[in-house]
Structure formats: C-alpha cells, structure tokens
Amino acid sequence: MKRTHHCNELRPAHIGQTVTLAGWVHSRRDLGGLLFIDLRDREGRTQTVFDPSSLPKELVDAASKLHSESVITVTGPVRQRPNGTENAKIPTGPIEVMVESFTVLNYADVLPFPVDDPEIANKVNEELRLQYRYLDLRRPEMTRNLRVRSKVATATRVFMEEQGFLEVETPTLFKSTPEGAREFLVPNRREPGTFYALPQSPQQFKQILMCAGVERYFQLARCYRDEDLRADRQPEFTQVDIEMSFIDREDIYALIEGLLKRVWNIALNIDIPTPFKRISFEEALNRYGIDKPDTRFGMELVDFTEDFRASTFKVFSGTIANGGVVKAINAKGLACATQGQIETMTEYAKSFGAKGLAFIKVEKGEWKSPIVKFFSDAEKAALTQKLAIEEGDLILFAADQWLNACEILGKIRLYCADLLKAQGKLTIAPGQFNFLWVIEFPLLGFDREQNRWYSSHHPFTAPVADDIPLLKQDPKKVRGQHYDIVVNGVELGGGSIRIHQPDVQKTIFEEILKIPPDETQLRFGYMLEAFRYGAPPHGGIALGFDRLIAILCNTPSIRDVIAFPKTAKGVCMMTDSPAGVSARQLRDLHIEVKAAPKKD
RNA sequence: GGGGGUGUAGCUCAAUUGGUUAGAGCGCUGCCCUGUCACGGCAGAGGUUACGGGUUCGAGUCCCGCCACUCCCGCCA
C-alpha cells in the first residue's frame, strides 16, 4: 500500500482521515498493553499507537519485536491525542495514528550505533559513521545538511541562469599540467605509457570557453587534487566555477555578492549586507597577519618598528636595522596562559624561522617577562598606549622580516582566540558572517630555493594595468588582478582577471617564470593559439562549494556536507576503496606494479 | 614526510601510585507493565583493554614497535 502522507505532514486538520505512512521505526515504547512506535521518514516523525483492545494479539506482538530502523507501513485513522499527552517537541505532536494494520517491508538487525539519539550519535566515532554512512545519513542533522546542499545548488543554478550564464560541462579526463597540485592519473589503454589526468579545476577549459564566445559560463564542477587532506580538504571536491567576458573586477564582486546574498537568504533566511568590505593583501597582513582574516574579533597586530629602531634591546633593533619589523598583539585576559601554551606559540614562531617568542604577562600590576628589563620608559609607554595594556593581558612580539613577522603573529592571534573562546573570555555570535574581499595580491612570489619567480595565484592572472611596466624591472611590486572572497577566516573562493593578450602571456611564461618556450608550447600551446584568434578580455572566480555548505551548516568539517567522503588517507570506509585490481586489468593498461601489495 | 590527540562491552565513557573477579549508562535477550514520547521495573548475556613484543611477583596503566582514525605543519599554481 502506498503512503498517503509523509511523517511530518499530519496535523489536527487531518483528524478522522484514514492514512498510510511509511518509514523507519525511530523509537518504540512498549507499555505492556499499549505500544507506541514513532515512525520516521526524511521529513519528520509521527507517533503511531498499537492498542491491543482493538488489534489481534499477534499483530501487537509482532510490532513489539521490531528493532529500531526496521522499515514498515502503517494504516489507520488520525486522531487527536488524549488531553495532556500531546508532544510539544514535534510538529506532529498534537495527533497520532491509530494503527489498524501494518506491514514490515524490511526487518532491521541490531544497529552498530544508535541513530535515534542525537546526544550519542553526535559523538559516535567518525570511522564507524563513515563505514555505515547510510545509517549516519538517516540522522536528522545529516539529512538537513544534504538538504541545504541541494537547495543551495539549485539556488546557485537559478541565480546564474537569471544572470545570463550557461552551465557548460568540461572534461574530467584531461591532461597533466605539472604546475600546481599533484594530479590523479588515468592510464590510457589505447596507447601504452600515456595518461589522462583528472583536472585540479576547469581553469583552462573555462578560458577557452570565453574564446568560444560563451561570454558567461558557470559549472558546479568536480575537481581532483592528490594532496594530503584536512578537515576542509577532500581529494575530490566541488567548485562553483565561473568565467565572464568583457568585464572588470567590479563585475565579479557584484555578481558574487548577489549570489551569496541569494544563497544566505535561501539557506538561512538571513539578509547579508552588500557590498562586502575590501581589504588589500598588505593591509590584511599588517592588521591580521593572514590573507584570510577572521574579522569577527579584534586582537589586531600593532607595529612598533619605529618605537624600537634605536632600542638597546638588540634582538629588536638589530632586526629593524636588517630591514625587518617589530610587531605585537595584545591577547586580552590571557596572562593566565600556561607554560605549555606559551611553548606551543613559541613553536609556531620557530616554524617560521624565528629564534623564539618574546612575551609579557601583565599580572598583579607587574610586567612579567624575560625581556622587559631591556626596555626604556619610552618604549614601555609606547607599548602601554598603543596596545591599551591592562591587568591580565598577554603581549606577544614578533621581530622579523615583514611577511614573516606578520604571519607569526597571525598564527598566534588565531591560537590565542581559541584559548580565549575555551575560557569563555571571547564569544562570537553564531549567526555572524563577516564577508571580505581580499584584493591586490602580489602577482609573483620568489622561491629562494629554486631561485626563480612563481605565480602566487596562477600564470594566467593579469597584472594590474598600471604595474605592467614593472614586470621586467621590479616583479615583486607587480600587483595581480586577483581577489579572494573570505568569510569568518575561511577562504571561500578566489579568482582573477586573466591575461588575454598572447604577448603578455608569453612574457609571463618565458621571461618571468622562465619556462622554456618548447615547454610552454607543449603545455599551453593550445591556449596561446586560442588567444590569437579573437580572445575577449575575461575573468572569473571559483567558490569552494563544500566549504560554502559547511559554513551554512555550521560544521567545521566538509565531510559533514559530503554524502560519501574519504578519510584523511583518502580511503572510503564504506566501499574500502582504493583497492587492488586484477592482473588482467593491469595487463590491459600496460601497467606493471613494482611495490609489494599491502597486506591486510 | 614531521608533530599532537584518540583507541577498554554493539555505542558513549569510567577504572587512584602498576595491585582483588576491568565497571556504569544506553543498546541487546527474557519476564512484568494500557498514555508513553530519553517510558518505567526486575533479571541476564556480553571483554584477546586495536595489534605485536618487553619490563615486573603482578600491566588497561610503564617501555619499544606497529595499525587505524583524527587535528595541525609541510603540501594544496
């Protein structure tokens, strides 16, 4: 018998109707005579009542033996619950279904972990949840995440369609482009020794689509990167990939602000204010020590380079004399930091090549610090004033070259914020979303080990027009037309205006990045060629769709918003992939495996 | 590749300085229970303390190794 309603549909208005529900046995309360079964489906749950005074004993006995998560249908009239027995916690609480007949569609064995109790289910070992993902996904929290993801995907498509974009699919069997992330390779059976590569992103195809006159392209694109994983990184993930012709940066900002406004509205019913704030890379580093600042709290970096230029404390003045800077943050109320916590922060500093971490604990009106004896009164006054030092504060210093000093304190700032949150001294409202465009990134970075320049974004990023003359004279100063969209310290996406003149592109490849011309030809020849036959100026952006959904669902791990994610070692616990293949498959692919197979 | 954390009953967790027969709640099995919704009551079953070594009169606990999961660094144009 087909169901007539879902399990979150019946209300007092249905009283008297005979209905059929189908779903999973969520919980069972056997009172000896009377038996209650909460029936659950995707939409919610409804209480059903088995009353022995009106039902055959065998039927009630059979129902009382059902394990949780068995699949049944029940049929019977909807009725108002007796006075005082309504359940205010669920929308179907005023009513119940008096069972007249029921059918077991599938008996469930005893479960490996409970799915009905959110308190326990939330704490279940993730390994187990991933192994029995179909059970995990039945939990209302996970169902909600899938639903948010689906709604946002649809909202994105509708919005992009409204804005005149075409959704175009691009190949996932691509070719290897050695720069960038490590790639997954797919052996080609037809020609021994040749391989496809799975794309890290559809970057080159979307630029070619601009040359094809598509003008406005988007795609919910699956991308693949064979790098080590994190809570916010999976080997395969989804990007909202976008590219537009005849535009400048402002068009991208406006488009994405519109898209995110729509998405937040649909997913959370929140109206986020636009336009978003913008901050340059340099300012982000200066104030927050990171290129994706979390601006929901202060604790900003303060510069003391001028105050310590002539200091007798040689660690500071010496660094400044070598072209470095001195910066500090005030972790308000963290003078209670333990030796271990100071140690952790010192390790952060050392991982950036610093020799140590200078600090001051302000306790009982005293500055407790190994270095404060070297400070003059004027230096102390400058610290007190610029950092607004008070009792209970912890001051942390970095003295190093500008970028390093900023990044050290940026790390420490986030670590201190976590400590303060744990101590209840810093609270961040859950519904707060600080969106930010980070702009004016340097186009190029310098790799000391390899003694060459590299693209800080990718080699197709256009320089800021005014800076093009600097390309050959002072590459470090060239700003790229690159932008990142950041929310609450999470990099949601990034993109750039692209180079569309083949001569500029050639200069970047050959004179700046020093890629030999024959190699340029081999790897990017088809792109340079496409740019010779009428390439419109264009630019684009890609948003990390999984991260976007994780933020909307307020979860720290993108695994919670992916139906079947992989573990940190890239294993699918449910299907046990990756796995070995037969000798015959290897032979067909002309592949010989030299490593010994892993034993179980 | 490196560093941190975790691993004890089906699940979530205890177990004092190394010391009796490794406990509890939930779940499971049986019995009782007609208005529960975390139903309740009684009884019971359930353990290679991830795995392999070692120290010790004695190891869940200490040491060495190893595996899995997880967080971070490197890496992710």
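Where a number appears in this text, it was derived from the coordinates with a stated rule and is not lab data. Everything numeric in this text was worked out from a predicted model, so none of it was measured. Neighbour counts are summed over all protein chains in view; Cβ atoms, including those assigned to glycine, are modelled from backbone coordinates with ideal geometry.
Across bins of 5 angstrom width beginning at 0, how are the C-alpha pair distances of segment A:343-469 distributed, in whole percent?
Spelled out bin by bin, segment A:343-469 gives 2, 8, 12, 15, 16, 14, 11, 10, 8, 4, 1, 0 percent.
With charges only on Cβ, +1 for K and R and -1 for D and E, what is the dipole size of chain A about its Cα centre, in debye, rounded to 20?
740
Along the three principal axes, how long is segment A:184-325 when you take its alpha carbons, biggest first, rounded to the nearest angstrom?
71, 48, 33
Please name whichever of A:Leu420, A:Thr154, A:Ile320 sits farthest to the positive end of the charge dipole of chain A, dipole taken about the Cα centre and charges placed at Cβ: Lys and Arg +1, Asp and Glu -1.
Of the options given, the answer is A:Leu420.
For chain A, what's the relative contact order in percent, using C-alpha pairs closer than 8 Å and at least 6 residues apart?
13
Once the convex hull of the alpha carbons of chain A is built, what does its volume come to per residue, in cubic angstrom?
236
Nearest 10 degrees, 0 to 90: what angle lies between the long axis of helix A:339-351 and the longest principal axis of chain A (Cα atoms)?
Roughly 60 degrees, rounded to the nearest 10.
In segment A:279-380, what GluC sites (Glu not before Pro) fall in a loop by DSSP, with at most 11 other Cβ atoms inside 10 Å?
Hits after loop and neighbour filter: A:Glu306.
Taking the simple approach of a point 7 Å from Cα along Cα-to-Cβ for both A:Ser53 and A:Thr85, what is their distance in nm?
Placing both labels 7 Å beyond Cα along the Cβ direction yields 1.0 nm.
Under a crude label model (7 Å from the Cα following the beta-carbon direction), how far is A:Thr427 from A:Glu529 in nanometres?
6.4
For segment A:401-458, which GluC sites (Glu not before Pro) are in a loop by DSSP, counting at most 15 other Cβ atoms within 10 Å?
A:Glu449
One quarter of the convex hull surface, Cα atoms only: what value does that give for segment A:12-106 in nm²?
If I average the Cα hull's projected area over directions, I get 5.8 nm².
Given the peptides A:28-37, A:452-461, arrange them by the average over their residues of other C-beta atoms within 10 Å, most packed first.
A:452-461, A:28-37
Quick one: Cα centre-to-centre distance for segment A:533-600 and segment A:361-412, in angstrom?
Each part reduced to its Cα centre gives a spacing of 45 Å.
How about A:Lys472: which aspartates and glutamates have a C-alpha closer than 20 Å to its C-alpha, ignoring those fewer than 8 places off in the same chain?
In chain and number order, the partners are A:Glu440, A:Asp447, A:Asp503, A:Glu510, A:Glu511.
Round to the nearest 10 and give me the degree value, 0 to 90, for the angle of helix A:517-530's Cα axis relative to the longest principal axis of chain A.
With rounding to tens, the tilt is 60 degrees.
Using 0.36 nm per residue of separation minus the Cα-Cα distance, give me the extension gain between A:Glu227 and A:Gln521 in nm, one decimal.
The span from A:Glu227 to A:Gln521 would gain 103.1 nm if fully extended.
Taking the Cα centre of each part, how many Å lie between segment A:417-469 and segment A:4-18?
The two parts, judged by their Cα centres, are 54 Å apart.
Taking all pairs of different Cα atoms in segment A:435-540, averaging 1/r and flipping that mean, what Kirkwood radius in angstroms comes out?
14.5
Using alpha-carbon positions, what is the distance between the centroids of segment A:302-360 and segment A:115-194, in Å?
42
Cross-link partners among aspartates and glutamates for A:Lys206, C-alpha distance below 14 Å, same-chain residues fewer than 8 apart left out?
Here the aspartates and glutamates satisfying the reach criterion relative to A:Lys206 are A:Glu167, A:Glu169, A:Glu215, A:Asp241, A:Glu243.
Cα axis of helix A:140-162 to longest principal axis of chain A: angle in degrees, 0 to 90, nearest 10?
60
Counting other Cβ atoms within 10 Å, keep those with at most 11, restrict to DSSP loop, and tell me which GluC sites (Glu not before Pro) in segment A:142-218 are left.
Answer by residue number: A:Glu169.
By how many nm would the segment from A:Ala13 to A:Glu449 lengthen if fully extended, with 0.36 nm per residue of separation less the alpha-carbon distance?
So the extension gain works out to 149.5 nm.
Assigning unit charges at the beta carbon (Lys, Arg +1; Asp, Glu -1) and nothing else, what dipole magnitude in debye, to the nearest 20, does segment A:297-422 show about its Cα centre?
It works out to roughly 200 debye.
Past the 28 Å Cα-Cα mark, which pairs from A:Lys292/A:Lys386; A:Lys361/A:Lys411; A:Lys421/A:Lys569; A:Lys368/A:Lys425; A:Lys380/A:Lys411?
A:Lys421/A:Lys569
With a cut-off of 8 Å between alpha carbons and a minimum separation of six or more residues, what is the relative contact order of segment A:534-600 in percent?
Worked out over segment A:534-600, it gives 13 percent.
Below 18 Å, Cα to Cα, which aspartates and glutamates can A:Lys364 reach? Residues fewer than 8 away in the same chain don't count.
Straight-line reach from A:Lys364, under 18 Å: A:Glu390, A:Glu391, A:Asp393.
For chain A, what does the helix formula give at 222 nm: sum of -39500 (n - 2.57) over DSSP H segments with n ≥ 4, over the residue count, nearest 500 deg cm²/dmol?
For chain A, the value works out to -8500 deg cm²/dmol.
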